[in-house]
Amino acid sequence: MYNTLITNLESGIFTITINRPDKLNALNRDVFTDLENAIQETYIKAEIKSVIITGAGPKAFVAGADIAEFGGLDKEQAMALAKRGQDIFFKIENSKKPIVAAVNGFALGGGCELAMACHFRLCSTNAKFGQPEVNLGLIPGYGGTQRLTQLVGKSKSMELQMTARLVDANEALQMGLVNYVTSPEILLDQTKDMLHVIMSKAPIAIGKIIECVNVAVVSDSAYTNGKSGYDKEIEAFGDCFVTEDMKEGTTAFLEKRKAEFKGC
Ligand code: COA
């Protein structure tokens, strides 16, 4: 169905595998188009409950934007490219269904930015993260200057972008860039196990958590609709209160049984 992705839906988990292993899954125009459409699928298909983004082959998650497509771009075209990348990554970040990156190797440049746009990240022991754009006389353009700073703090973010140094899985874990490190063989299974836990909770509440946490870390008031995170939380709390799932969750607790959530 997609030229540059392999997609698979199983038990509510939609796995999107970026599939250009001979180019270390670099993000070219076709990957962007396919990725945008695949994320759109997750927005509209009720049978998709959560998403994993990963890379094909043993070596790379995504080794960056496709450098071969940079040649000859003028300033306007370069800005349009950055805007396109940012828009697609916002769409990932703002999905009401959880989207998790399973980082199975190099996550460099746009690859690191893609992983950071996901709601959280697991990685394998062979993962390497970095924003090496400065080696090309560039800076990150798909949200990396912002999201890396949100995730690891200003000093580390400055250092990593200025030096182009790559960090291994353990350092990424220490920095809070990833939540867990696993062996490559069990990365996908461990990610799926976590998603099954999340999918057993109330989907509307999960979506509200994503919305509120996103507001806590973004500075763009257009993006937050002018609302503070606290305002947003009050509204989202109220929204959850009138769901069937809230009635089911509280009733199940009082009846000492497991809640059966329906997403309404
Ligand atoms: N854009 C386009 N092609 C890329 C790419 C990228 N970001 N990253 C890797 N590739 C291609 C290589 O050109 C090579 O293609 P070829 O076999 O047709 O020559 C292929 O993927 C394999 O990469 P190679 O460099 O041979 O693998 P390696 O193991 O020696 O090195 C990396 C791995 C990740 C260290 C190296 O590929 C690299 O530095 N990539 C660019 C990272 C980067 O700067 N990303 C930010 C872009 S803004």
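Please verify whether A101 is over 23 Å from H196 (Cα atoms), in contact with a strand residue (DSSP E or B) (Cβ under 8 Å, 6 or more places away or on another chain) and assigned to a strand (DSSP E or B), treating the condition exactly as stated. Criteria not met by A101.
Among the residues of the range 164-182, those that are within 21 Å of A63 (Cβ to Cβ) and assigned to a loop (DSSP other than H, G, I, E, B) comprise A164, R165, L166, L177, V178.
Can you find even one residue in the range 70-93 that is under 23 Å from I186 (Cβ atoms) and modelled with pLDDT of 95 or more? No, the conditions are met nowhere in the range 70-93.
Let's see how each residue does on (1) in contact (Cβ under 8 Å) with a residue 40 or more places away in the chain; (2) within 18 Å of L81 (Cα to Cα); (3) more than 9 Å from the ligand (Cβ to nearest atom):
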| residue | (1), (2), (3) |
| --- | --- |
| L114 | yes, yes, yes |
| F120 | yes, no, yes |
| S124 | yes, no, yes |
| L136 | yes, yes, no |
| I139 | no, yes, yes |
| T145 | no, yes, yes |
| L148 | no, no, yes |
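So is I53 assigned to a loop (DSSP other than H, G, I, E, B), of a type in the set (A, V, I, L, M) and either outside the structural domain of T125 (by TED's automatic domain parsing) or away from the ligand (no atom under 14 Å from the Cβ) (or both) or not? Spelling it out, it is not the case that I53 is assigned to a loop (DSSP other than H, G, I, E, B), of a type in the set (A, V, I, L, M) and either outside the structural domain of T125 (by TED's automatic domain parsing) or away from the ligand (no atom under 14 Å from the Cβ) (or both).
For the residues E185, E159, the requirement of being in a helix (DSSP H, G or I), assigned by TED's automatic domain parsing to the domain that holds N126, out of contact with any Leu (no Cβ under 6 Å at 6 or more places or on another chain) and farther than 25 Å from A216 by Cβ singles out E185.
I'd like to check something: does the range 156-176 contain any residue that is among the polar types (S, T, N, Q) and more than 21 Å from the chain's Cα centre (by Cα)? Scanning the range 156-176, I find at least one residue that is among the polar types (S, T, N, Q) and more than 21 Å from the chain's Cα centre (by Cα), so the answer is yes. For L160, are the conditions met, namely being farther than 25 Å from R20 by Cα, buried (at least 23 other Cβ atoms within 10 Å of the Cβ) and within 16 Å of the ligand (Cβ to nearest atom)? Spelling it out, L160 is indeed farther than 25 Å from R20 by Cα, buried (at least 23 other Cβ atoms within 10 Å of the Cβ) and within 16 Å of the ligand (Cβ to nearest atom). Close Cβ contacts (under 7 Å, 6 or more residues apart or on different chains) running from residues in the range 22-34 that are touching a residue at least 24 places away in the same chain (Cβ under 8 Å) to residues that are among the basic types (K, R) comprise L24/K59; A26/R20; V31/R20; F32/R84. Reported count of residues in the range 76-104, each being within 15 Å of the ligand (Cβ to nearest atom), among the small types (G, A, S) and closer than 22 Å to A38 by Cα, is 2. For R29, the test of being basic (K, R) and over 23 Å from I139 (Cα atoms) is failed. For A68, are the conditions met, namely being near the ligand (Cβ under 10 Å from one of its atoms), of a type in the set (A, V, I, L, M, F, W, C) and part of a helix (DSSP H, G or I)? Judged against the criteria, A68 is a match. Of everything in the range 1-22 that is part of a loop (DSSP other than H, G, I, E, B) and closer than 22 Å to F106 by Cβ, the residue that is farthest from the chain's Cα centre (by Cα) is N3. The residues of the range 130-144 that are farther than 15 Å from A26 by Cβ, in contact with a helix residue (DSSP H, G or I) (Cβ under 8 Å, 6 or more places away or on another chain) and surrounded by fewer than 17 Cβ atoms within 10 Å (Cβ to Cβ), listed by number, are V134, I139.
The values are calculated or read from the model by the stated rules, or taken from the named source; none is laboratory data. Everything numeric in this text was worked out from a predicted model, so none of it was measured. Neighbour counts are summed over all protein chains in view; Cβ atoms, including those assigned to glycine, are modelled from backbone coordinates with ideal geometry.
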